[in-house]
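One structure is given here, and the rest of the page talks about it.
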Amino acid sequence: MKKNDWIVGEVAVSGRGFPQVSTRLNRADILGSLKARSGSSRMSYTVEPGLYAVGRPTPDSPVLVSANYKMSFDRLRKTLSGLDLWILVIDTKGINVWCAAGKGTFGTDELVARIAQVGLGDVVKGRSLILPQLGAPGVAAHEVLRRSGFEVVYGPVRAVDIPEFLRAGRKATPAMRAVRFGLWDRLILTPIELAGILKPALVLLGLLFVITWIRGGPAPFLVLLGRAGASFVPFLGAILAGVFFTPLLLPIIPGRAFAWKGWLLGMAWTLLYLALAARWQDWRTVLLYLLLLPPIASFLAMNFTGATTFTSLSGVVKEMKIALPVQVISAGLGILVLILTLGKAL
Amino acid sequence: MRQSYLKNVVTLDLDPEKCIGCGRCQEVCPHDVFALESGRAELRDRDACMECGACARNCPTEAVTVRAGVGCAYAIAIGLLRGTEPTCGE
């Protein structure tokens with residue numbers, strides 16, 4: 001195991017030593033978080049499972065349970081300064097609590113096995129564990145009690161509320177129990193959405209390059225690139241409408257279905273572009289963009305359902321059943337216009 | 001700001017006969033769907049349910065049922081292509 005600079009000491013209990021973790025994040029922790037947010041190292045950002053000490057815990061100190069995704073672990077420990085407690089990190093394959101609970105890796109089996117593996121019963125006197133509330137979809141509290149003898153108490157949704165939760169005698173207020181999805185929560189998710197669309201966007205740009213080349217005949221490379229870039233602008237707007245502006249403006253866009261919200265913004269952008277840049281001059285262009293751009297924004301917006309905190313499986317299935325065929329038909333007709341006009345509609 | 005999704009679609013169900021009023025569902029629900037009224041759980045706001053399955057998993061008497069899963073279009077599309085349950089990537 002490589003040396004971790006966030007381990008700052010060791011706490012000994014009944015003849016065994018446990019790594020003591022820092023409650024302050026250093027530059028490497030913050031850089032690591034930024035990298036994971038942007039998508040480069042997201043799947044290998046882990047902490048070794050096991051029992052860790054915060055401050056100088058004793059056998060009477062509380063035990064918190066966490067996933068072994070490093071960003072989750074960091075967010076937890078940085079809120080615990082001045083407290084003495086244990087953190088039991090269970091193996092969720094480097095996935096955060098919520099997603100791992102959905103998959104069952106933050107689950108009853110792993111928790112019970114990890115309690116036995118670290119010998120938790122010999123380290124602490126109490127027989128209760130504080131789990132993040134968002135781990136509940138994967139953990140059956142009554143099963144854990146039956147199989148390990150440890151009682152599960154679900155703590156607050158957000159790590160930042162833990163000190164208050166402990167002070168109140170392990171009681172969470174309704175506000176601590178509720179999942180929020182505010183402007184900042186939505187905004188912080190857009191880089192990963194943008195990173196996901198980068199490759200298809202580059203392919204599209206390449207395609208536009210080839211089309212403008214065939215249509216306009218040979219020209220210096222930079223001229224061709226400039227033309228391709230110009231014809232990419234309407235598409236770029238549709239992409240941004242779907243992956244950036246729909247998440248950003250989510251609560252104020254009328255309607256409920258994400259595909260609809262995305263389509264609305266895509267259509268707004270299309271009309272704006274046709275009015276200001278294309279000036280309604282060529283009916284082929286008007287037809288092409290009206291058919292092709294809104295479904296792109298709609299499709300991308302629909303994909304944002306997975307990043308939110310309030311969409312249900314049944315709901316997304318329902319909206320996809322209606323939206324997906326409409327998106328495919330509309331975009332297909334748009335591509336047909338492009339082909340029939342031999343690319344002149346661009 | 002409270003954000004709401006489609007109406008009347010979720011599979012959440014509560015059998016008041018089986019409920020023993022332990023309050024676990026209310027404790028684990030991230031969207032405040034349940035209320036405890038005179039020692040029994042009640043569905044206070046069913047449309048707010050995101051089908052995460054926490055309540056059903058933690059109900060000791062199986063009074064709460066829900067088809068749990070991820071409300072993610074991408075996962076559903078992958079599931080459709082592979083002929084499996086909705087799954088996020090990998």
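The values are calculated or read from the model by the stated rules, or taken from the named source; none is laboratory data. The model shown is predicted, which means the values in this text are computed figures rather than measured ones. A quick note on method: Cβ atoms are made from the backbone with ideal geometry, for glycine too, and the neighbour counts reach across all protein chains shown.
Identify, from the list A:Phe232, A:Phe310, A:Phe244, A:Phe304, the residue that is of a type in the set (A, V, I, L, M, F, W, C) and farther than 30 Å from B:Cys52 by Cα. Even if it seems obvious, please write down each step before you answer.
Values: A:Phe310 fails: farther than 30 Å from B:Cys52 by Cα; A:Phe244 fails: farther than 30 Å from B:Cys52 by Cα; A:Phe304 fails: farther than 30 Å from B:Cys52 by Cα.
After applying the criteria, what remains is A:Phe232.
So is A:Leu300 of a type in the set (A, V, I, L, M), surrounded by 17 or more Cβ atoms within 10 Å (Cβ to Cβ), within 14 Å of chain B (Cβ to nearest Cβ) and closer than 19 Å to B:Lys7 by Cα or not?
Criteria not met by A:Leu300.
If I ask for residues that are in contact (Cβ under 8 Å) with a residue 12 or more places away in the chain and either among the hydroxyl-bearing types (Ser, Thr, Tyr) or out of contact with any helix residue (DSSP H, G or I) (no Cβ under 9 Å at 6 or more places or on another chain) (or both), which ones from region B:28-43 would you list?
B:Gly39, B:Arg40, B:Glu42, B:Leu43, listed by residue number.
Of all residues in region A:177-193, how many are within 11 Å of another protein chain (Cβ to nearest Cβ) and either free of Cβ contacts under 8 Å to residues at least 60 places away in the same chain or surrounded by 17 or more Cβ atoms within 10 Å (Cβ to Cβ) (or both)? First the steps, then the outcome.
Residues of region A:177-193 within 11 Å of another protein chain (Cβ to nearest Cβ): A:177-183, A:185-186, A:193.
Of the ones still in play, those that are also either free of Cβ contacts under 8 Å to residues at least 60 places away in the same chain or surrounded by 17 or more Cβ atoms within 10 Å (Cβ to Cβ) (or both) are A:177-179, A:181-182, A:186, A:193.
Total satisfying the criteria: 7.
Looking only at region A:100-117, count every residue that is at the interface with chain B (Cβ under 10 Å from one of its Cβ atoms) and surrounded by 19 or more Cβ atoms within 10 Å (Cβ to Cβ) and tell me the total.
In the first step, residues of region A:100-117 are kept if they are at the interface with chain B (Cβ under 10 Å from one of its Cβ atoms); the result is A:101-104, A:107-108.
Still in the list and also surrounded by 19 or more Cβ atoms within 10 Å (Cβ to Cβ): A:101-102, A:107-108.
Looking only at that region, the number is 4.
What helices (runs of 4 or more DSSP H) completely inside chain B contain at least 1 residues that are within 21 Å of A:Glu319 (Cβ to Cβ) and more than 7 Å from every other protein chain (Cβ to nearest Cβ)?
Working: elements: B:24-28, B:54-58, B:73-82.
Ranges flagged: B:73-82.
Any residue at all in region A:232-251 that's over 32 Å from the mean Cα position of the chain (by Cα), of a type outside the set (D, E, K, R) and away from chain B (no Cβ under 14 Å)?
Taking region A:232-251 first, the residues over 32 Å from the mean Cα position of the chain (by Cα) are none.
No, the conditions are met nowhere in region A:232-251.
Going by the conditions given, is A:Gly237 outside the structural domain of A:Thr92 (by TED's automatic domain parsing), assigned to a helix (DSSP H, G or I) and in contact with a helix residue (DSSP H, G or I) (Cβ under 8 Å, 6 or more places away or on another chain)? Write out each step before concluding.
Working: outside the structural domain of A:Thr92 (by TED's automatic domain parsing): yes; assigned to a helix (DSSP H, G or I): yes; in contact with a helix residue (DSSP H, G or I) (Cβ under 8 Å, 6 or more places away or on another chain): yes.
The answer is yes for A:Gly237.
Just give me the residues in region A:194-239 being within 30 Å of A:Arg158 (Cα to Cα) and buried (at least 17 other Cβ atoms within 10 Å of the Cβ), in sequence order. I'd like the intermediate steps shown before the answer.
Filtering region A:194-239 down to residues within 30 Å of A:Arg158 (Cα to Cα) leaves A:194-197.
Within region A:194-239, A:Ile197 is the sole residue that qualifies.
Please go through region A:304-316 and pick out each residue that is within 7 Å of chain B (Cβ to nearest Cβ) and crowded, with 24+ Cβ neighbours inside 10 Å.
If the condition is that a residue be within 7 Å of chain B (Cβ to nearest Cβ) and crowded, with 24+ Cβ neighbours inside 10 Å, then A:Thr305, A:Thr311, A:Ser312, A:Leu313, A:Gly315, A:Val316 are the ones that fit.
Can you run down the residue pairs with Cβ atoms below 6 Å, 6 or more apart or on separate chains, where the first is in region A:140-160 and free of Cβ contacts under 8 Å to residues at least 12 places away in the same chain and the partner is not in a loop (DSSP other than H, G, I, E, B)?
Filtered contacts from region A:140-160: A:Leu145/A:Glu151.
For A:Ala323, indicate whether it is more than 7 Å from every other protein chain (Cβ to nearest Cβ), part of a helix (DSSP H, G or I), touching a Phe, Trp or Tyr at 6+ places or on another chain (Cβ under 6 Å) and more than 16 Å from A:Leu204 (Cβ to Cβ). Walk me through it before giving the result.
Details: more than 7 Å from every other protein chain (Cβ to nearest Cβ): yes; part of a helix (DSSP H, G or I): yes; touching a Phe, Trp or Tyr at 6+ places or on another chain (Cβ under 6 Å): no; more than 16 Å from A:Leu204 (Cβ to Cβ): yes.
No: the conditions fail for A:Ala323.
Kindly indicate whether A:Leu250 is more than 23 Å from A:Phe310 (Cβ to Cβ), touching a residue at least 12 places away in the same chain (Cβ under 8 Å) and assigned by TED's automatic domain parsing to the domain that holds A:Ala331. Walk me through it before giving the result.
Values: more than 23 Å from A:Phe310 (Cβ to Cβ): no; touching a residue at least 12 places away in the same chain (Cβ under 8 Å): yes; assigned by TED's automatic domain parsing to the domain that holds A:Ala331: yes.
No; evaluated as a whole, the condition is false for this residue.
Mind checking which residues of region A:152-172 are within 12 Å of chain B (Cβ to nearest Cβ) and of a type outside the set (A, V, I, L, M, F, W, C)? Lay out the reasoning, then the answer.
Initial filter on region A:152-172 (within 12 Å of chain B (Cβ to nearest Cβ)): A:152-158, A:170-172.
Result: A:Tyr154, A:Gly155, A:Pro156, A:Arg158, A:Arg170, A:Lys171.
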